[in-house]
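S.K.: Pasting in a structure now, in structure tokens, and then I'll have a few things to ask.
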Amino acid sequence: MKKILDDPQIQLKKVFEVRWLSFHSAVDSLRRTMVSVMATLEADAAEGDPSASGLLKTMRSYNFICLTNLLSDVLGIITKLSKLFQREVLDFSVIQPSICNSIEALLQLKDHDGLHLSTCKQEICDNMYHNQPIENSLAQQRTFASAKNQFVQAV
């Protein structure tokens, strides 16, 4: 399906609870292959798979698509900072500015969409996302905006 839809040829990743950085990898791979995953679920749902049908319904919502892209933006910032702490030799003169820069980047996400979320919102048009029909309403957009602000503030 990825080849047919010209999506990146990457594998979906597993999330490992003890390795929280795997969350970024998992979310980012889903973000990058979301259209292929939806198309695959659509084919499976058409064959009568109730799990595929339920997952497809969830994925075909404004909130799910935007949340996935928001998480990709947020986890990208956190992953970069985390990798700094994982270096064999830590340069303590770099740590404080990096923490401050990460906090500032996260706070900017409250008022300005990150790269992935901004791109995603541009790709949603007339209740469609890359030729996939989605559920999109003003109520969902408001719910997402509120959740986005709460989530970024909590992070």
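The values are calculated or read from the model by the stated rules, or taken from the named source; none is laboratory data. This is a predicted model, so every value here is computed, not measured. So basically every Cβ, Gly included, is an ideal-geometry build from the backbone, and we count neighbours across all protein chains shown. Just so you know, the surface numbers come from the protein's heavy atoms only, side chains and all, with ligands and any DNA or RNA stripped out. Shrake-Rupley method; radii C 1.70, N 1.55, O 1.52, S 1.80 Å.
S.K.: Hey, can you find the accessible area per residue of the chain for me, probe 1.4 Å, expressed in square angstrom?
M.R.: Counting only protein heavy atoms, the per-residue value for the chain is 63 Å².
S.K.: If one takes the longest principal axis of the Cα atoms in the chain, at what angle in degrees, from 0 to 90 and to the nearest 10, does the Cα axis of helix 50-59 lie?
M.R.: 60 degrees
S.K.: Further, regarding this structure: In the set [x] 15.4, 50; [y] 17.4, 58; [z] 19.3, 60, which value of Rg and Dmax of the Cα atoms in Å was calculated from the structure you see?
M.R.: Evaluating Rg and Dmax of the Cα atoms in Å on these atoms matches [y].
S.K.: Taking the chain as the reference, fit the longest principal axis to its C-alpha atoms, fit the long axis of helix 92-111 to the helix C-alpha atoms, and give the angle between the two in degrees, 0 to 90, nearest 10.
M.R.: 40 degrees
S.K.: Then there's this: If each of C100 and F85 carries a label point 7 Å out from its Cα toward its Cβ, how far apart are those two points in nm?
M.R.: The answer from the label model is 1.9 nm.
S.K.: Separate question: If we count trypsin sites (Lys or Arg not before Pro) as exposed when they sit in a DSSP loop and have at most 11 other beta carbons within 10 Å, what is the longest stretch of the chain that avoids them all?
M.R.: Maximal segment without exposed cleavage sites: 15-86.
S.K.: Shifting gears a bit: Once both labels are modelled 7 Å past Cα along the beta-carbon direction, what's the A139-D49 spacing in nm?
M.R.: 3.0 nm
S.K.: About the Cα centre, and with charges only on the beta carbon of Lys, Arg (+1) and Asp, Glu (-1), how big is the dipole of the chain? Nearest 20 debye, please.
M.R.: Details: 16 positive and 17 negative charges, 60 e Å.
Its charge dipole is roughly 280 debye.
S.K.: Around S61, which amide H atoms from residues at least 5 apart in sequence, or from another chain, sit under 5 Å from its own amide H, with H modelled in the peptide plane?
M.R.: E135
S.K.: Ignoring any ligand, DNA or RNA, what whole percent of the accessible area of the chain comes from carbon and sulfur when the probe is 1.4 angstrom?
M.R.: Numbers: 5410 of 9780 Å².
Carbon and sulfur together cover 55 percent of it.
S.K.: Between H116, H24, H130, where does the largest GNM mean-square fluctuation fall for the chain, given springs only between Cα atoms within less than 10 Å?
M.R.: It is H130.
S.K.: Leaving ligands, DNA and RNA out of it, rank E88, E123 by accessible area with a 1.4 Å probe, largest first.
M.R.: The most accessible residue leads, giving E88, E123.
S.K.: So for the chain, taking the charge dipole from beta-carbon charges (+1 Lys/Arg, -1 Asp/Glu), which of M34, S102, F23 sits furthest toward the positive end?
M.R.: Towards the positive end, the residue furthest out is S102.
S.K.: Angle check, please: helix 62-85 long axis (alpha carbons) against the longest principal axis of the chain (alpha carbons), in degrees 0 to 90, nearest 10.
M.R.: So the inclination is approximately 30 degrees.
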